[in-house]
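Undergrad: Encoded as structure tokens, here's the structure I'll be asking about.
The values are calculated or read from the model by the stated rules, or taken from the named source; none is laboratory data. Predicted, not measured: the structure shown is a model, and the values here were computed from it. All Cβ positions, glycine included, derive from the backbone under ideal geometry; neighbour counts span all protein chains shown. Side chains included, ligands, DNA and RNA excluded: accessible areas come from the protein's heavy atoms. Shrake-Rupley method; radii C 1.70, N 1.55, O 1.52, S 1.80 Å.
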Amino acid sequence: MCGIVGAVAERDVSKILMEGLRRLEYRGYDSAGLAVLEGNGLHRLRVAGKVNDLADSLKQSPLKGTTGIAHTRWATHGKPSVENAHPHICKDQIAIVHNGIIENYESLKQAQIANGHAFQSETDTEVVVNQIYDSFSDTGNLLEAVFAATDKLDGAYALGIISPSEPGRLIAARRGSPLVIGIGIGEHFIASDVLALLSVTQKFIFLADGDIADITCDGVVIYDENRKVVKRPVSISELSHDVAGKSGYRHYMLKEIFEQPRAVHDTLAGAFNNGRIDETVFGQKAGKLFDRVKAIKIVACGTSYHAGLVARYWAESIANIPCDVEIASEFRYRKSVVHPDTLFVTISQSGETADTLAALQLARHSGFAASLAICNVPESSLTRESDLVFLTRAGAEIGVASTKAFTTQLVALLMLVTVLGRRLGMTSETEAAIVGQLQQLPGRINSALELDGKINLLSKQFINKHHALYLGRGLLLPIAMEGALKLKEISYIHAEAYAAGELKHGPLALVDEDMPVFAVVANNELLEKIKSNLQEVKARGGRLYVLTDTGVQLEKDDDIQVLKVAHVEDSIAPIVFTVPLQLIAYHIAVFKGADVDQPRNLAKSVTVE
Ligand code: G6P
């Protein structure tokens, strides 16, 4: 999703802006641009392409300046093109970059056309730069102009604003979309996330919703939504400056798949006390708030939603607690009935997903017992607005398709249902067994990773496939869904997941020798049921690929290819079986020559609706 970088310094900032854009590439985008102030001159370069294309253009026409803004755009209003790329400029006086969507742009546009503005792009952003220009003409002060203009905007925005009339000043504004300020020595920066600025600072201020910041080399003054000066805390990022490196792997996604044993280990660090889960990992107030909880409502999007679906099986089978899971964009626009003893749980790797955030904001006024965010980004909007927070410690995830964030979310959810289950009659033996299995988990994931070579060989068979079916039952149905999502996200092969028992109610009609069918089969009470489903596929000539564990015996059959992970206990099976499915999607996408880390049309952090 759109990425913003800005800087004000005594040195040339163009290199800082370009490095920031490179570090934001993982978010997904389709065009890029930057603008700098040099003396009283405003200079801009934009491309409908990648940051490398912008770098090439910069070589042709170098830009230098001590104040600047830059942007990667993910098209919402208007196609990816040079005209629609940011920064947008009004009459060589105001330049802005914007992330978010201005909902009242059509009415503002009509009013501005009536006032004599000519529009250069199809974007909603252009009304913002015009509005600031008009206010600047009235007030003669950039900060006052931003105050006045933002009062007229409905919707979400993170903005970086500069003007050649006020060189050395960068104004930042935030409502709904994320924006951080980086604190340097005699120089300051803004960006959509901390990763963009790690090469220049480790010190950050996270702007609150409604904040506007007046940034110069000398300092940062922040105004809250009532235009009162406020102090926001400075945080020191623990992320290292080369966090965005690939450590020798060909893609970030592969690196992140292989980091999962470490990510799970770190997520579990400090979570156990005398063989039990220490519930303060969910926050100091967790014990008191959890005492009230009799049901769970989980809301999330994409891969995080799949984590929620696994949690429902765990909650009701292990912890005896009712659990409902819903896609955030649905929940936020429907009337739902809330039982007051329900814990509202959001799951998000980024903590900035617009739909999930809006769902949380709605839930906070809907009578839930408390809200808990399971999130991979400290200081994200979601963590700041929730009563309780569990921080997964996957580390920065750069590949757009989520991998290690998902498995660590599952770890958090298994711990959550366990501490809630305790209050509802779960025995200490069950808890001890879960704790033991969680402690084994990094090792189990390591053995699943050993399938990488075999999966690589197998994946060649799918280069010319256009469709695939994924089957699972019980706890492994959401894992089949996640496997199908991974495949479509990065290889562009159409893939659907079905509950294996539903096969006969429709998808069986699609099965023939051209349709690969992946089945995820656990060694549990559903084994014989899913074996019958496999026969249904075989009888129609379908090509079967079965992912299972060494405890499962399948008759030798040339039409079935089997991949086996080492024995895995039922409760952690969803986490372990995820790993080979990630590798299958990865290798197929690589064979197809797809852009694995930045799949077309997708974004890592979806900060607009
Ligand atoms: C985007 C990402 C997905 C992610 C989804 C939800 O679509 O590409 O990988 O699962 O957003 O994101 P969240 O940050 O809320 O988990």
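Undergrad: Quick one: Cα convex hull volume of the chain, Å³ per residue?
TA: For the chain, the hull spanned by Cα atoms encloses 156 Å³ per residue.
Undergrad: Taking the Cα centroid of the stretch 24-54 and of the stretch 485-512, what is the distance between the two, rounded to the nearest whole Å?
TA: Cα centres, the stretch 24-54 to the stretch 485-512: 40 Å.
Undergrad: Turning to a different aspect of this structure: Which order do GLU25, GLU238, GLU502 take when ranked by solvent-accessible area (1.4 Å probe, heavy atoms of all protein chains), largest first?
TA: GLU238, GLU502, GLU25
Undergrad: Next question, about the same structure. Could you check the simple spin-label distance between ASN464 and GLN561, using points 7 Å along Cα→Cβ, in nm with one decimal?
TA: That separation, rounded to one decimal, is 1.5 nm.
Undergrad: Once you order the gyration tensor axes a ≥ b ≥ c over the Cα atoms, which shape class does the stretch 281-325 get: rounded for a/c under 1.5, otherwise prolate or oblate by comparing a/b with b/c?
TA: Note, shape of the stretch 281-325 comes out oblate.
Undergrad: At a probe radius of 1.4 Å, what is the per-residue accessible area of TRP74, in Å² to the nearest 10?
TA: In the full protein context, TRP74 sits at about 60 Å².
Undergrad: Next question, about the same structure. If you average the C-alpha positions of the stretch 344-418 and of the stretch 201-221 separately, how far apart do those two centres end up, in angstrom?
TA: That distance is 25 Å.
Undergrad: Follow-up question, since we're still on this one. Rounded to two decimals, what is the ratio between the C-alpha radius of gyration of the stretch 463-520 and 2.2 N^0.38 Å?
TA: The value comes to 1.04.
Undergrad: Mind checking the angle between helix 125-139 and the chain's longest principal axis? C-alpha axes, 0 to 90 degrees, to the nearest 10.
TA: For 125-139 against the chain, the angle is about 30 degrees.
Undergrad: Please give, to one decimal in nm, the separation of the simple spin-label points placed at LYS15 and ASN601, each 7 Å out from Cα toward the Cβ.
TA: Computed distance between label sites LYS15 and ASN601 equals 4.0 nm.
Undergrad: Now for a different question. Any chance you could run the full-extension gain for LYS59 through ASN274? It's 0.36 nm times the residue separation minus the Cα-Cα distance, nm to one decimal.
TA: Difference between extended and current length: 71.3 nm.
Undergrad: Of ALA354, MET426, VAL562, which is farthest along the charge dipole of the chain in the positive direction, counting Lys and Arg as +1 and Asp and Glu as -1 at C-beta?
TA: Projecting each Cα onto the dipole axis, the largest value belongs to VAL562.
Undergrad: Let me ask another. For helix 354-363, report the angle its Cα long axis makes with the longest principal axis of the Cα atoms of the chain; keep it between 0 and 90° and round to the nearest 10°.
TA: Value to nearest ten degrees: 80.
Undergrad: Among the GluC sites (Glu not before Pro) within the stretch 82-121, which fall in a DSSP loop and have no more than 16 other Cβ atoms within 10 Å of their own Cβ?
TA: Those satisfying the criteria are GLU83, GLU103.
Undergrad: Next question, about the same structure. Sort 184-190, 433-439 by packing, meaning the average of other beta carbons within 10 Å per residue, with the highest value first.
TA: 184-190, 433-439
Undergrad: Sticking with this structure for a sec: Rg to Rh for the stretch 249-363: what is it, with Cα atoms only and Rh by Kirkwood?
TA: Using Cα coordinates only, the ratio equals 1.00.
Undergrad: On a straight-distance basis, which lysines could pair with LYS486 in a cross-link, Cα separation under 19 angstrom, same-chain partners fewer than 8 positions away excluded?
TA: The qualifying lysines are LYS255, LYS404, LYS454, LYS460, LYS465, LYS592, LYS604.
Undergrad: What figure, in Å² to the nearest 10, do you get for the accessible area of SER348 with a 1.4 Å probe and non-protein molecules left out?
TA: 10
Undergrad: Sequence gap of 8 or more, or different chains, plus Cα separation below 29 Å: how many lysine pairs satisfy both in the stretch 2-236?
TA: Lysine pair count for the stretch 2-236: 26.
Undergrad: While we're here: Where does the stretch 484-609 land on the Kirkwood hydrodynamic radius, alpha-carbon pairs, in angstrom?
TA: After inverting the mean inverse Cα-Cα distance, the result is 16.0 Å.
Undergrad: Here's another thing I want to ask about it. Rounded to the nearest 500, what is the 222 nm mean residue ellipticity of the chain from helices alone, with -39500 (n - 2.57) per DSSP H run of 4+ residues and division by all residues?
TA: -10500 deg cm²/dmol
Undergrad: Find the Rg to Rh ratio for the stretch 108-217, where Rh is the Kirkwood radius over alpha-carbon pairs and Rg uses the same atoms.
TA: 1.00
Undergrad: Now for a different question. Tell me whether the stretch 246-448 comes out rounded, prolate or oblate; compute the Cα gyration tensor, take square roots of the eigenvalues as a ≥ b ≥ c, and use a/c under 1.5 as the rounded threshold.
TA: oblate
Undergrad: Going Cα to Cα from LYS488, which aspartates and glutamates come in below 12 Å? Please leave out same-chain ones fewer than 8 positions away.
TA: Those aspartates and glutamates meeting the cut-off are GLU496.
Undergrad: Please calculate how many Å² of accessible area the stretch 404-515 carries per residue, with a 1.4 Å probe and no DNA, RNA or ligand atoms counted.
TA: 37
Undergrad: Specify the angular offset, from 0 to 90 degrees and rounded to the nearest 10, of the alpha carbon long axis of helix 51-60 from the longest principal axis of the alpha carbons in the chain.
TA: Taking the Cα atoms of the chain, the angle to 51-60 is about 30 degrees.
Undergrad: Please report how far the C-alpha centroid of the stretch 125-140 lies from that of the stretch 159-189, rounded to the nearest whole angstrom.
TA: 17
Undergrad: If the cut-off is a Cα-Cα distance under 12 Å, which aspartates and glutamates reach LYS285, setting aside same-chain residues fewer than 8 apart in sequence?
TA: ASP387
Undergrad: How much of the DSSP beta bridge set in the chain is antiparallel, as a percent to the nearest 5?
TA: Antiparallel bridges make up about 60 percent of those DSSP assigns within the chain.
Undergrad: Further question on the same structure: For ALA432 and ARG384, calculate 0.36 nm times their separation in residues minus their Cα-Cα distance, and state this gained length in nm to one decimal.
TA: 14.1 nm
Undergrad: Would you please classify the overall shape of the stretch 2-236 from the alpha carbon gyration tensor, given that a ≥ b ≥ c denote the square roots of the eigenvalues, rounded means a/c under 1.5, and beyond that prolate means a/b larger than b/c while oblate covers the rest?
TA: rounded
Undergrad: Sticking with this structure for a sec: Based on the Cβ-Cβ distance of ASP151 and ASP218, what FRET efficiency does E = 1/(1 + (r/R0)^6) give at R0 = 30 Å, to the nearest 0.05?
TA: Efficiency, rounded to the nearest 0.05: 0.65.
Undergrad: Need one number: nm distance between label points at SER336 and GLN120, each 7 Å from Cα along Cα→Cβ, rounded to one decimal.
TA: Spacing of the two 7 Å Cα→Cβ label points: 4.4 nm.
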